[in-house]
Amino acid sequence: MIRLERRPAPSRAWAWATPLLAVLATMVAGGLLFAFLGKDPLLVIRTIFWDPILGEFAFYYRGQLLVKAGPLILIAIGLSLGFRAGVWNIGAEGQYIMGAICGAAVGLAFYPLEARWLIFPLMVLAGGLGGFLWAMIPGILRTRFNTNEILVSLLLVYVAEQILAWMALGPLRSPDGAGFPGSRNLRHYDSAANHELISGSGMHWGLVAAFIAVILGHVLLSRHILGFNIRLAGASPRAARFAGVNPGLLVLTCLGVSGALAGFAGLFEVAGPAGQINIDFNVGYGFTAIIVAFLGRLHPVGILLAGFLMALTYIGGEAAQATLGVPAAAIQAFQGMLLFFLLALDVMTNYRVRIDARARA
Amino acid sequence: MSTPLLEVRGLRKAYPGVVANDDVSFAARRGEVHALLGENGAGKSTLVKTVYGLLRPDEGRMMLDGRDYAPASPHDARQAGVAMVFQHFSLFEALDVAENVALGMEVPPPMRELATRIRDVSETYGLPLDPNRLVGTLSAGERQRVEIIRCLLQDPQVLIMDEPTSVLTPQEVAILFETLKRLRTEGKLILYISHKLEEIRALCDWATILRHGRVTGSCDPRQKSARELAETMVGSELALPAAKTREPGEVALSIAGLTAASGAAFGTELKDLFLEVRRGEILGIGGVAGNGQDELLAVLSGESRSAPDSIMLGDLPIGSFGPNERRALGVLAAPEERLGHATAPDMNLIENAALSGRRRMGMVSRGFVNWGKARAHAEHVIEQFDVRVPGAGSVARSLSGGNLQKFVIGREILQQPDVLVVNQPTWGLDAAAAAAIRQSLLDLAGQGAAVIVISQDLDELMEISTRFSALNEGRLSKPRDTDGLTLEEIGLMLGGAHDLEIGQGLSAPDRAVEAGETSP
Amino acid sequence: MDLGSINPVLLIAALLLASTPILLAAMGELVVEKSGVLNLGVEGMMIVGAVSGFMAAVESGSPTLGFLAAAAAAAVLALLFGVLTQVLLSNQVATGLGLTLFGLGISSLMGQGYVGIRPPASPRLELPVLSELPVVGPVLFSQHALVYLSLALVLGVWWYLRSTRSGLILRAVGESHEAAHALGYSVLGTRLAAIAFGGALAGLGGACLSLVIVPQWTEGMTAGRGWIALAIVVFGSWRAWRVLLGAYLFGGVSVLQLNLQAAGIAIPVELLSMSPYLITILVLVVISSDKRRAQVNAPNSLGRTFHASG
């Protein structure tokens, strides 16, 4: 009989090993899935995980990697603070959309004035503020009315998507767009564009923000009292209250920070890689970032690595789709599997598996 | 001598790092109240859980009524006629009494019939209960009645009772003993677990004494003195705490007319409290669990806020202050729940030192935590309070109850509080650890701090406190000097027998006297 | 604008059908939460049910087989959640989210070849005599069988939880898993059964969407209904009849806003489309603002991990 026995203290070794094992297990299971779809599993795995970094066209893919990893890391860092504190913001997708809309609206309001020193910073602020305010809705409802923030933040994603559609078709629609949906392309408006910092590198301000978030997140969690309070509230809410942590304020802080970071991510995306507000602007970064946060063990450095890994599955997935005809949806399933394996293997961190020689009496 | 009803031979049960039971053997007859006596951690609970089928022994065998008995689950045990009343009640607050009873039965009758039978049995045994009430609304004593009736309805041969009196007022204890004596005359075997010697001498026919998982003695407790029993149980003589101080100073903290609702679903509202505690004294607050102890601690620690002037620290109104503002002023607290309230289970002792010491020990400057200072505080506590632990980096839940409690109390005492509030400071600890903690509280008061000890252990309060007040249904009685206070008076302060009609025979006051006489 | 084009009789008939997927999923989740488990993967289970049911129905030509397949597939997915959270003791919130993300991915993978196909029609169940009554006949007695099934389930779940021994044990496990374990009840077995049941109902709800209401397969077609089902369980304070009320309220709002869109009312389409979500949030706020009541009604062990030591 196999049973689990609680470890006296969490195992550090397993805490580091589980993400790696989860990735390996996902490759195996994913390989089986691809084999089932009639593809050569080894070739698909190589296309996804190897070629984008070291293959023939890696020079193109590497840039793309940064483009995708930026928003994932930025959002996941914010989410990880809340997840650590037991505040479940799962509506980052909505905050991302609202950040993009607010940021873009500010930029478009100045069109065609050219004043980059003024307009771009204002857009960044507006983007963060948009995400922040959108996240404050579940925050205030939770603290004032005790309403479950998981459900509210998620339901607001659907609301944000409708607002996005309304903006793309209505108020923000480009007057020169010949009636097509979508705003003006911000990349063609120098004062508002989030250009690549080094041409062809994929490096843009969003990635800089992501790196800053990683560093600040790390300092916050390891050195600052707020980070300690966050960890304490997640580890034991009653102990946190005893320690003098104001639970309501902590909920608002976590939701506010994660909302603002998601809003920044949305702004950098709309002003850069995406270029315009349109119906299909959001591609699920807000949800994938949840996987990134967990895969990175809610640790800033882990999230940095996990963000790149998850970006790799996006890029590699696209490559596999183009060259091998692997359906795009397979990558999404693949990412979900990764989270499952991680959660399943996580048991090893806190428990030991014992095998009893004797059968049950 | 007739054949034993229950016989246990060579039972062994080991957990990683601990042997809970080692070669335990005893035999018990029908019509006997058989005590299993031992300190916390002696292996009593493991032993009865094995008898009740919750645990399977590694070695050894059991016989019930001359036949092999190896229950794979509590279902098997109940079918064989073994029932158990748990120490931490196995009750469901949001379900009603009848539903709770039904869950403890193998083949319950239809609900309506069950309700009638609950009424019948509860009246027969002098334990009145309304089958339709939600268990969450019952007092601790009433909850225990639900458990007992649940067992009795199955007509068991063996009834296991795990520390049944720890949640009862002295009057309720007297009623319980009547019920148990009556069951004895009906020919049932009662396995009675306790560490309270007087109780066992008053009730039990035979005692099996356990220490560190082994049987260290077996005797008729009525033939032995409490001292002899204690020595078999503890293994050595205990140092009694030094005398209490007798020179209370000025009033350090006072509460006037405080009323506060509870945050918990089935919590107790505090009603119109008055309280004063002076420097150099220990104020003991007794009461049966669930009468507002958690709420009182929360109000004093600052976890629940109240009107500013409802709590005064000297001349300063502090009712609206949070925990850290109070700590800065020298008002410290140690909650009952060691894991998950006083400490975060998965955090190490350094982090747990920062949990309450951040403000007073200067661990935070400009928002950044000085982990060096936190470590120093943790190590200081470990050294001064003899916390047995590999190092300050150990996580809280890896410590034993006694060691963690010493850490929790030490963490507050070494911050040199002016006022310290502790809730259940020695609950579940072995005698040595409990004595050490009581001594440290006496020392603190000796140094001029005001100490409030909330506890269910009346012996403990009589031992260390100078004044005593009882918490009953959220109300606090007028405090009395502990000198010359009888157990009967305490019982009445605690709310007597909670609207209980006593069965046949003696009237209530007589019985209370009897309880008073059989206790120290 | 032509509000006169909205026929109240048809509106109610449409409401009953439109509410059914959410009602089914919410009844399943109600049982799961009563056992003390929070499964946030309803959306994922629904969409997997939608695609599996659709595929099975198209391949076999039988809607009934489709419904069975939907229930089975979603139950399997739910058991995956069950094993992770109950055996491997993973965090229920994270695992439930994972289930939704995985379900959305795997469903679009499965449904690749099925976009744009019409499934075999699932006939209405005309109750004899009653369906011929004027006005109420077509509204109440000529619905799809699933509508009646979902109503029967409300009754069944209510009776099961209130009056059966197994229902009592399930509530006890949800209330305090430690106490239930101490009395010798299987926390694991009870919860896995509840999780599988919840999955099956969510799957059925998904299939109701893809086989009856739309009827078509499109990616992400559940559009948040799984989340709304979760919200409705909270709204219903874990009681079967109130969950029914919540589901019909949501169904009513959805159908009404579609009718208003069709009638060309002068409100932006997007605002109407978001109204069901906004109203769900609003009722959630109203119902949970009474903190004390919410605490008493919620199963006490909800979302907590149980590990039997020893």
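For a protection proxy built on the mean count of beta-carbon atoms within 10 angstrom, sort A:132-140, A:107-115, A:248-256 highest first, please.
Values: A:132-140: 24.4, A:107-115: 15.3, A:248-256: 20.8.
Answer by packing, highest mean first, reads A:132-140, A:248-256, A:107-115.
Note down, for chain C, the three equivalent ellipsoid semi-axes (square root of 5 times each alpha carbon gyration tensor eigenvalue), biggest first, whole angstrom.
Details: eigenvalues 210, 98, 74 Å².
Taking √(5λ) for each Cα gyration eigenvalue gives 32, 22, 19 Å.
Modelled label-to-label distance, B:Glu489 and C:Leu79, 7 Å Cα→beta-carbon offset: nm?
Taking the two extended label points, one gets 6.8 nm.
Between C:Leu155 and C:Asn7, what is the label-to-label distance in nm when each label sits 7 Å out along the Cα-to-Cβ direction?
Each label point is offset 7 Å from its Cα along the Cβ direction, giving 2.8 nm.
Within the P(r) computed for segment A:40-325, what percentage of the Cα pairs occupies the region above 32 Å? Mind dumping the intermediate values first?
On the way: 10754 of 40755 pairs.
So the pairs more than 32 Å apart make up 26 percent of the total in segment A:40-325.
Determine Rg/Rh for segment C:36-125; Rg is computed over alpha-carbon atoms and Rh is the Kirkwood hydrodynamic estimate from the same atoms. All intermediate terms of the calculation are to be shown ahead of the outcome.
Working: Rg = 14.4 Å, Rh = 13.6 Å.
Rounded to two decimals, Rg over Rh is 1.06.
Can you pull the Rg over Rh of segment C:163-258, Cα-only, Kirkwood? Present the calculation step by step, with values, prior to reporting the outcome.
Working: Rg = 16.8 Å, Rh = 15.6 Å.
We get a ratio of 1.08 for segment C:163-258.
If R0 is 56 Å, what FRET efficiency do you get for B:Val251 and A:Leu216 from their C-beta distance, rounded to 0.05?
Working: r = 48 Å, r/R0 = 0.86.
It comes to 0.70.
How large is the charge dipole for segment A:40-325, taken about the Cα centre, if only the Cβ atoms of Lys, Arg (+1) and Asp, Glu (-1) carry charge, to the nearest 20 debye?
1080
Where both residues lie in the protein assembly as shown, what percent of DSSP beta bridges are antiparallel, nearest 5?
Details: 48 of 87 bridges.
Just about 55 percent of them are antiparallel.
Among A:Leu172, A:Leu309, A:Thr323, which residue has its Cα positioned farthest towards the positive end of the charge dipole of segment A:40-325, with +1 placed on the Cβ of Lys and Arg, -1 on the Cβ of Asp and Glu, and the dipole taken about the Cα centre?
In segment A:40-325, that residue is A:Leu309.
Taking the Cα centre of the protein assembly as shown as the origin, how large is its charge dipole in debye, to the nearest 20, when only Lys and Arg (+1) and Asp and Glu (-1) carry charge on their Cβ atoms? Don't skip to the end; give the middle numbers.
On the way: 92 positive and 98 negative charges, 356 e Å.
Magnitude of the dipole: close to 1720 debye.
Please list, short to long, the whole-number percent of alpha-carbon pairs of the protein assembly as shown in consecutive 10 angstrom bins beginning at zero.
Pair shares across the bins are 2, 9, 16, 20, 20, 15, 10, 6, 2, 0, 0.
Among A:Leu81, A:Ala262, A:Ile291, whose Cα lies farthest out toward the positive end of the dipole of segment A:40-325, if unit charges sit on the beta carbon of Lys, Arg (+1) and Asp, Glu (-1)?
A:Leu81
With charges only on Cβ, +1 for K and R and -1 for D and E, what is the dipole size of chain C about its Cα centre, in debye, rounded to 20? Spell out each step's value before the answer.
Numbers: 14 positive and 12 negative charges, 162 e Å.
Result for chain C is approximately 780 debye, rounded to the nearest 20.
I need the calculated FRET efficiency for the pair A:Ala29 and C:Glu178, taking r as the beta carbon distance and R₀ as 45 Å, to the nearest 0.05.
Numbers: r = 35 Å, r/R0 = 0.78.
Efficiency, rounded to the nearest 0.05: 0.80.
Rg and Dmax of segment A:92-153, Cα atoms, in Å?
Cα-based Rg and Dmax for segment A:92-153 come out at 14.5, 46 Å.
Between B:Val19 and residues 5 or more places away or on another chain, which pairs have amide H atoms under 5 Å apart, with H built 1.01 Å from N, and which residues are they?
none
What order, most packed first, do the peptides C:35-41, A:11-17 have when packing is the mean number of other Cβ atoms within 10 Å of each residue? Provide the component values of the computation, followed by the final result.
Values: C:35-41: 27.6, A:11-17: 13.4.
The densest-packed peptide leads the list: C:35-41, A:11-17.
To check my understanding: the extent here is largest minus smallest coordinate of the Cα atoms along each principal axis. What are those three numbers for chain B, in Å, largest first?
The Cα atoms of chain B stretch 72, 47, 43 Å along their principal axes.
Could you go through segment C:75-86 in sequence order and give the Karplus-derived ³J(HN,Hα) for each residue, using 6.51 cos²θ - 1.76 cosθ + 1.60 with θ = phi - 60°, rounded to whole Hz, and x for Gly and Pro?
Values, residue by residue: 5, 4, 4, 5, 5, 4, 4, x, 5, 4, 7, 8 Hz.
So for the pair C:Ala262, C:Leu88, with labels modelled 7 Å out along Cα→Cβ, what separation do we get in nm?
The modelled label-to-label distance comes out at 4.6 nm.
Among C:Ala57, C:Gly156, C:Leu104, which residue has its Cα furthest toward the positive end of the charge dipole of chain C, with +1 on Lys/Arg Cβ and -1 on Asp/Glu Cβ?
Of the listed residues, the answer is C:Gly156.
Given the peptides C:100-106, A:204-210, B:107-113, A:166-172, arrange them by the average over their residues of other C-beta atoms within 10 Å, most packed first. Numbers along the way, then the final one.
Numbers: C:100-106: 26.1, A:204-210: 21.4, B:107-113: 12.6, A:166-172: 18.3.
Packing order, densest peptide first, comes out as C:100-106, A:204-210, A:166-172, B:107-113.
Under the Karplus relation 6.51 cos²θ - 1.76 cosθ + 1.60, θ = phi - 60°, what is the ordered set of whole-Hz ³J(HN,Hα) values for segment C:274-284, x standing for Gly and Pro?
8, 4, x, 5, 4, 5, 4, 4, 4, 5, 4
Rank these by accessible area, largest first, 1.4 Å probe: B:Thr137, B:Thr165. Each step should come with its number before you reach the end.
Details: B:Thr137 75, B:Thr165 10 Å².
In descending accessible area the options line up as B:Thr137, B:Thr165.
Return the sequence-ordered ³J(HN,Hα) values of segment B:413-425 in whole Hz as given by the Karplus equation 6.51 cos²θ - 1.76 cosθ + 1.60 applied to θ = phi - 60°, using x for Gly and Pro.
My calculation for segment B:413-425 gives 4, 6, 8, 6, x, 8, 10, 10, 10, 10, 10, 6, x Hz in order.
Over segment A:40-325, what is the relative contact order in whole percent, taking alpha-carbon pairs under 8 Å and six or more residues apart? Could you put the intermediate results ahead of the total?
Working: 541 pairs, mean separation 108.8, N = 286.
About 38 percent, as a whole number.
Roughly what % of Cα-Cα distances in segment A:75-117 sit above 17 Å, to the whole percent? Show your work: numbers first, answer last.
On the way: 446 of 903 pairs.
Counting pairs separated by more than 17 Å, the tail of P(r) holds 49 percent.
Ignore the peptide's own chain and count Cβ atoms of other chains within 10 Å of each Cβ in A:345-353; give me the average, rounded.
Values: counts 2, 7, 6, 1, 0, 4, 3, 1, 0.
Across the residues of A:345-353, the mean count of other-chain Cβ atoms within 10 Å is 3.
The values are calculated or read from the model by the stated rules, or taken from the named source; none is laboratory data. On a predicted model such as this, the values are computed, not experimentally measured, just so you know. Ideal geometry is used to build each Cβ from the backbone, glycine not excepted, and the neighbour counts take in all protein chains shown. Surface accessibility is based on the protein's heavy atoms, side chains included, excluding ligands, DNA and RNA. Shrake-Rupley method; radii C 1.70, N 1.55, O 1.52, S 1.80 Å.
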